[in-house]
Structures are given as C-alpha cells and as structure tokens.
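The values are calculated or read from the model by the stated rules, or taken from the named source; none is laboratory data. What you see is a predicted model, and the numbers here were worked out from it, not measured in a lab. No Cβ is skipped: glycine too gets one built from the backbone with ideal geometry, and neighbour counts run over all protein chains shown. When the accessible area is computed, the model is the full protein with side chains, heavy atoms only, and any ligands, DNA or RNA have been set aside. Shrake-Rupley method; radii C 1.70, N 1.55, O 1.52, S 1.80 Å.
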Amino acid sequence: MSDRSTPAPLWPTWPYPRIVAHRGGGKLAPENTLAAFETGASLGLRMVEFDAKLSADNTVFLLHDDTVDRTSNGHGAAAQMTYADIAKLDAGSWFGARFAGQVMPTLAQVAERCMALGLAANVEIKPCPGREAETGKRVAEAVQALWAGQALPPLLSSFSYEALEAAAAAAPDLPRGMLYEAVPVHWREDARKLGTVSLHASHQPLDGPQVAQIKAAGLQMLVYTVNDPVRARELAAWGVDAICTDRIDLIGADFLDDA
C-alpha cells in the first residue's frame, strides 16, 4: 500500500440522487444489463449502481461475479474469456423469458444508455482475483473518457483498496468512495490516503452514532442494500446521503423527498 495521499474535494452536500437502483434494476430485471437500467429509469429512478470488471482482452464490461455461471447460460471464469465470447452469452433468460437475449454490456454501451436515460452512475470496480490494480486503472480511465464533459461524473467505488488506489492515480478528478461490509477502525486513514469523498457500507451493522462520526469527518455516505422502507427512513434520519436498494418498487426515486 502506498502512503501517498490523493486529495479529492469535499462536498458540502451530496450531488447525486438519494435513491440508487442496485445493479441497475434491483429485483425487477436481470442485474447488470441494459434492460435493468431501462427498468429502473421506467420507474423514475435517477441513479444506478453497477459492477465493472475486465475480460481477458481488457474490455471493461458489467458482471458482479468472477464467473459467468450464475447470471448467464455460460460457464467459466470471466478473466479467462474474451469479450467476444462473453457477448455471445444470454444474460437475461435466467431471470425471465422476456429478458432472453440480454447480454453483459460493455461500459461504453452502459455510458451511452445512462446518458440517454438521464441516469447518474455509481461504478463499482469489481476486479477478478489478481487483477485489482489493472482493473482499477482501466475502469477509471474508461469512465473518464466515456463521461467526459458530463456535469455529474460517475462515482467510483470498490471493496478493493488496491483497485481504488489505482483508479485514483489514473483519474484523480473522479470522485471515489471506499466500500465496506462493516466499517473498519481504519476508515479515516483509508479516506485520507485514497482521497475519497464518500464511504459506502452495508446498512446492517450501522448505528446512528457511527453514521454521525463518518459525517462529522466530512464524508458523504451511501449504504447498501436497503430493502425495508422503515429501515430506509431510519438511515435517512441518521444523515445517510444515499440508499442503494433492490426494492425499487417500494423505495422509489422520491421516497426520501420529505426526509
């Protein structure tokens, strides 16, 4: 790990929508597909979260897992497949027959669709094992090029410190947030070294005092994956800035407007 500090601007307020559709369309469409983004947008959602990784030939495309097995009709490790082979897979039929023929899109296709639909983006850098730095660098460079000139750039995040560090070096002006399951004791040090503007965490272990500490440190906060409306309102009352949810049918774009 480098001790180099990568400064980033602190935001006085959260510039993104407060409700974020998990993997594009939550539980209503096959994750990380263009159909997912269209589903979220059709319900009025204005921000999507999705997972970006590298194929064997270094194409940035969308997939959560290290293998293609769970969300397609293919088998094997994504890191060992060219994108031409990945693009041949059906990534929709596993979810429902009406989504047959959906593919795992490239980041370029996703950028075009997000801009056409007016969707802000949280790009989670999801490296395959051993490709952390390379994935962070290539995803950040691609995001910077594809969203160039947009008023609101995508927010990068990752569970991988190494990937986010490489992203910071490659595209220091892009906003970044470190992802955790449970917030560790060293979150302040991570934020300082990575120059993050936000902290992203599972909502389940959080309590009000911990949220207050994070906010007092000048960081914005996104929590995942919140599917209970009562819990969503509790988190908002604590000062959480954004809720990432699968239940976009229950926790819609305007859910926190009165919070």
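Only residues that are buried (at least 23 other Cβ atoms within 10 Å of the Cβ) and assigned to a helix (DSSP H, G or I) were counted in segment 215-234, giving 1.
Looking at segment 103-115, can you tell me whether even one residue there is of a type in the set (A, V, I, L, M), within 15 Å of ALA168 (Cβ to Cβ) and either modelled with pLDDT of 95 or more or part of a helix (DSSP H, G or I) (or both)? So far as segment 103-115 goes, no, none of its residues is of a type in the set (A, V, I, L, M), within 15 Å of ALA168 (Cβ to Cβ) and either modelled with pLDDT of 95 or more or part of a helix (DSSP H, G or I) (or both).
Among residues of segment 37-73 being within 15 Å of the chain's Cα centre (by Cα) and among the charged types (D, E, K, R), the one that is most open to solvent (accessible area, probe 1.4 Å) is ARG46. ALA167 fulfils the conditions (1) open to solvent by less than 70 Å² (accessible area, probe 1.4 Å); (2) out of contact with any helix residue (DSSP H, G or I) (no Cβ under 6 Å at 6 or more places or on another chain) except for a single criterion, (2).
The set of residues in segment 7-33 being buried (at least 24 other Cβ atoms within 10 Å of the Cβ) and outside any loop (DSSP other than H, G, I, E, B) consists of ILE19, VAL20, ALA21, GLY26. Residues in segment 192-222 that are more than 17 Å from TRP11 (Cβ to Cβ) and within 21 Å of the chain's Cα centre (by Cα): 7 in all.
Looking at this structure, is ASP65 of a type in the set (Asp, Glu), modelled with pLDDT of 95 or more and part of a loop (DSSP other than H, G, I, E, B)? Here the answer is yes, as ASP65 does meet what is asked. Of all residues in segment 120-137, those being buried (at least 23 other Cβ atoms within 10 Å of the Cβ) and either farther than 14 Å from ALA79 by Cα or of a type in the set (A, V, I, L, M) (or both) number 6.
Is it true that GLU189 is open to solvent by 50 Å² or more (accessible area, probe 1.4 Å), farther than 25 Å from ASP257 by Cα, within 18 Å of the chain's Cα centre (by Cα) and at pLDDT 95 or above? So that I can check it myself, show each step before the final result.
Details: open to solvent by 50 Å² or more (accessible area, probe 1.4 Å): yes; farther than 25 Å from ASP257 by Cα: yes; within 18 Å of the chain's Cα centre (by Cα): no; at pLDDT 95 or above: yes.
The answer is no for GLU189.
Can you find, within segment 157-195, the residue that is farthest from VAL60 (Cα to Cα) among those that are hydrophobic (A, V, I, L, M, F, W, C) and in contact (Cβ under 8 Å) with a residue 60 or more places away in the chain?
Step one: list which residues in segment 157-195 are hydrophobic (A, V, I, L, M, F, W, C), which gives 159, 163-164, 166-171, 174, 178-179, 182-183, 185, 187, 191, 194.
From what's left, in contact (Cβ under 8 Å) with a residue 60 or more places away in the chain: 168-169, 194.
Working: ALA168: 17, ALA169: 18, LEU194: 22 Å.
Here the answer is LEU194.
Selection within segment 82-119: residues that are within 19 Å of LEU54 (Cα to Cα), among the hydrophobic types (A, V, I, L, M, F, W, C) and open to solvent by 30 Å² or more (accessible area, probe 1.4 Å). The member of this set that is nearest to the chain's Cα centre (by Cα) is ALA108.
Is it true that some residue in segment 200-211 is in contact with a strand residue (DSSP E or B) (Cβ under 8 Å, 6 or more places away or on another chain) and closer than 24 Å to GLY118 by Cα?
Pass one, segment 200-211, residues in contact with a strand residue (DSSP E or B) (Cβ under 8 Å, 6 or more places away or on another chain): 200-203, 206, 211.
Checking which are closer than 24 Å to GLY118 by Cα leaves us with 200.
Checked against the condition, which is being in contact with a strand residue (DSSP E or B) (Cβ under 8 Å, 6 or more places away or on another chain) and closer than 24 Å to GLY118 by Cα, segment 200-211 yields at least one hit.
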